[in-house]
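K.L.:
First the structure, which I've put down as structure tokens, then a few questions once you've had a look.
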């Protein structure tokens with residue numbers, strides 16, 4: 001699904017100076033882990049990513065704010081806001 005999105009939007013992504021060759025599912029997972037860890041904790045991030053232990057998450061997925069992909073972070077923010085706005 002992510003690859004299809006990238007293929008379908010390659011020109012627009014390049015216009016935004018996004019290196020489409022490096023846009024992969026691990027960018028999404030890494031950004032998710034960093035945001036979840038910052039908002040909650042490493043335990044939740046590790047469980048949601050289905051890692052065997054927190055050390056795997058910490059070593060490979062939790063990154064500094066400078067390393068978080070801004071496009072992925074915006075997607076998370078937009079989808080979170082939409083989820084919260086939706087009636088239960």
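The values are calculated or read from the model by the stated rules, or taken from the named source; none is laboratory data. Values in this document were obtained by computation on a predicted structure and should not be read as measured data. Cβ sites come from the backbone with ideal geometry, for glycine too, and all protein chains shown count toward neighbours.
K.L.:
How many residues, within region 1-15, are at pLDDT 75 or above and in contact with a helix residue (DSSP H, G or I) (Cβ under 7 Å, 6 or more places away or on another chain)? Give the derivation first.
P.N.:
Residues of region 1-15 that are at pLDDT 75 or above, as a first pass: 4-15.
Now restrict to residues that are in contact with a helix residue (DSSP H, G or I) (Cβ under 7 Å, 6 or more places away or on another chain): 6, 10, 13-14.
The number of residues fulfilling the criteria is 4.
K.L.:
Still on this structure, I have one more. Could you run through region 32-59 and say how many residues are surrounded by 14 or more Cβ atoms within 10 Å (Cβ to Cβ) and either part of a loop (DSSP other than H, G, I, E, B) or at pLDDT below 80 (or both)?
P.N.:
2
K.L.:
Among the residues that make up region 75-85, is at least one of them modelled with pLDDT under 75, in contact with a helix residue (DSSP H, G or I) (Cβ under 7 Å, 6 or more places away or on another chain) and assigned to a helix (DSSP H, G or I)?
P.N.:
yes
K.L.:
From the residues in region 16-31 that are assigned to a helix (DSSP H, G or I) and in contact with a helix residue (DSSP H, G or I) (Cβ under 7 Å, 6 or more places away or on another chain), which one is nearest to residue 57 (Cα to Cα)?
P.N.:
31
K.L.:
Within region 1-12, take every residue that is more than 16 Å from the chain's Cα centre (by Cα) and assigned to a helix (DSSP H, G or I) and give me the one that is surrounded by the most Cβ atoms within 10 Å (Cβ to Cβ). Walk me through it before giving the result.
P.N.:
As a first pass, look at region 1-12 and keep what is more than 16 Å from the chain's Cα centre (by Cα): 4, 7-12.
Adding the requirement that they be assigned to a helix (DSSP H, G or I) leaves 4, 7-8, 10-12.
On the way: 4: 8, 7: 10, 8: 10, 10: 13, 11: 9, 12: 9.
Checking each candidate, the answer is 10.
K.L.:
Here is a list of conditions, (1) more than 15 Å from the chain's Cα centre (by Cα); (2) at pLDDT 75 or above, and residue 88 meets all of them except one; can you say which number that is?
P.N.:
In the conditions (1) more than 15 Å from the chain's Cα centre (by Cα); (2) at pLDDT 75 or above, residue 88 misses (2) alone.
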